[in-house]
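S.K.: Starting off with a structure, shown below.
The values are calculated or read from the model by the stated rules, or taken from the named source; none is laboratory data. The model shown is predicted, which means the values in this text are computed figures rather than measured ones. Counting neighbours? That spans all protein chains shown, and the Cβs are built from the backbone with ideal geometry, glycine included. Areas reflect the complete protein model, heavy atoms only, side chains present, ligands, DNA and RNA absent. Shrake-Rupley method; radii C 1.70, N 1.55, O 1.52, S 1.80 Å.
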Amino acid sequence: LSAVQLGVLSGTQVGAIGTEAVVSLNDKQLGALAVEAIGQLRGDQLGVMKSTQVVGFTTAQVRALGAEQIGAIGAAAIRGFATAQVRALGSDQVAGFATDQVRVLSVEQVGSLTSGAVAGLNAGLMGALTSVQAAGFGTQQVRGLSGEQIGALGVGALRGLGVVAVGALGSDQVAALKPEQVVGLSAVQVGSLTSGAVRGIATDVLGTLGSQ
């Protein structure tokens, strides 16, 4: 089918396409699908798509995908998402990520998530982030994270946060840090905390800073 023909398919028709046919579609053909039909893509259809295919999705199509659909896309294919596509994701869609999908995100992709979208990262997904990925977080993204999310970061990932990002942490977020996370902070990171944020560190946890 040509891009024009694919563009007139209804959601029901799109949902009826076999996985063998889906594999044969190129990025331009996928990008031609009507936005209204995207929501009818089945999980097994999305699961067989490659990175070279999903890169063809327009931002409007990406926004039309449900959380379950996002979670059905293979990790390797997710890695193929362009930064503009990642930026189009909402918090409910990000909440649909599986840990293996999060683990393959590039630092550029992590940095492309909006401050609203990062709110969808649950504790398990936050814990899957590496130090390299966490380095992609900007100040607005960090401000969008809850204390629970900050507390779920691994020690290595927290250490990967840039000093400017650490400086954006509020007292409520810092109060959620575990002793091992505080100990894992570099001297430069500790020095970048605002006075208000430092007040959020519990007295017994504050005492662990000397054990670095």
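S.K.: Sort 198-206, 115-123 for me by packing, meaning the mean count of neighbouring Cβ atoms within 10 Å per residue, highest on top.
M.R.: Top to bottom by mean Cβ count within 10 Å: 115-123, 198-206.
S.K.: Once neighbouring chains are kept in place and the probe is 1.4 Å, which whole percent of the accessible area of the chain is contributed by carbon and sulfur? Don't skip to the answer; put the middle values down first.
M.R.: Numbers: 5190 of 9160 Å².
So the carbon and sulfur contribution to the accessible surface is 57 percent.
S.K.: Using a simple charge model, +1 on the beta-carbon of Lys and Arg, -1 on the beta-carbon of Asp and Glu, nothing else, what dipole does segment 1-67 show about its Cα centre, in debye to the nearest 20?
M.R.: It works out to roughly 100 debye.
S.K.: Sticking with this structure for a sec: Using a 1.4 angstrom probe and counting only protein chains, how large is the accessible area of V104 in Å², to 10?
M.R.: The accessible area comes out at roughly 40 Å².
S.K.: Given a 1.4 Å probe, how much area per residue of the chain is accessible, in Å²?
M.R.: Values: 9160 Å² over 212 residues.
The answer is 43 Å² per residue.
S.K.: Still on this structure, please answer the following. When 1/r is averaged over all different Cα pairs and the result inverted, which Kirkwood radius in Å belongs to segment 57-168?
M.R.: By the Kirkwood definition, the hydrodynamic radius is 13.7 Å.
S.K.: Reported to two decimal places, what Rg/Rh ratio describes the chain when computed on Cα atoms with Rh from the Kirkwood expression?
M.R.: Taking Rg over the Kirkwood Rh, I get 1.10.
S.K.: Tell me the label-point distance for the pair R143, A75, using the 7 Å Cα-to-Cβ offset, in nm and rounded to one decimal.
M.R.: In this crude label model, R143 to A75 measures out at 3.4 nm.
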